[in-house]
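Below: the structure, in structure tokens.
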Amino acid sequence: MSPRQRKPAARMGDADLGAVRTFIAEHADALLHASRLLGGPPARRRYGALIGEIRGATRLTRRMRQGLVDLHALLTLQNVGDPDRIETACCAEIDPADPVVEDICCLADALWDLLAEIARGAAQDDPPADSALAA
């Protein structure tokens, strides 16, 4: 494959990083607040580091994408209910009527949209499967 053929995929990755950076610029403070509320200081540190890594990145890595998926899992309470997880205790401390609950839901929805956008870009970068070519 020539270098020219690789450029569109690199641009697509750049577009993904740009979309993630825009999302982070708009929502970083709210994401950090929500991560502390839902996962305590360890989650706040983890996602603070992820945000810093994204801000300084030259490309969106698989580890960063997984970090965003994990952040979505935190925002959507996927680990709440497991008595061995800090998320269960943190969630029990939040009043369901607190306006922050709606804010967290909106953040989760926005992050889901971003993850879907990244997935669409990745699907466009992937070559078709051999079986699709044979059809």
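Quick one: in region 72-124, which of the residues that are in a loop (DSSP other than H, G, I, E, B) and hydrophobic (A, V, I, L, M, F, W, C) is farthest from the chain's Cα centre (by Cα)?
Ala97
Which residue out of Gly52, Gly40, Gly81 is touching a residue at least 40 places away in the same chain (Cβ under 8 Å), out of contact with any Leu (no Cβ under 7 Å at 6 or more places or on another chain) and of a type in the set (Gly, Ala, Ser)?
Criteria check complete, one pass: Gly40.
I'd like to know if region 97-107 contains one or more residues that are in contact with a helix residue (DSSP H, G or I) (Cβ under 8 Å, 6 or more places away or on another chain), crowded, with 17+ Cβ neighbours inside 10 Å, at pLDDT 95 or above and among the charged types (D, E, K, R).
Scanning region 97-107, I find no residue that is in contact with a helix residue (DSSP H, G or I) (Cβ under 8 Å, 6 or more places away or on another chain), crowded, with 17+ Cβ neighbours inside 10 Å, at pLDDT 95 or above and among the charged types (D, E, K, R), so the answer is no.
Can you tell me which of Arg21, Arg36, Arg46, Arg65 is of a type in the set (D, E, K, R) and either farther than 30 Å from Arg120 by Cβ or exposed (fewer than 13 other Cβ atoms within 10 Å of the Cβ) (or both)?
One residue alone meets the criteria, Arg36.
Pairs needed: first member in region 14-31, within 18 Å of Thr58 (Cβ to Cβ); second member anywhere, outside any helix (DSSP H, G or I) and of a type in the set (A, V, I, L, M); C-beta distance under 8 Å; at least 6 residues apart or different chains.
Qualifying pairs under 8 Å: Asp16/Leu60; Leu17/Ala57; Leu17/Leu60; Val20/Leu60.
The values are calculated or read from the model by the stated rules, or taken from the named source; none is laboratory data. Because the structure is predicted, anything quoted here is derived from the model rather than measured. Counting neighbours? That spans all protein chains shown, and the Cβs are built from the backbone with ideal geometry, glycine included.
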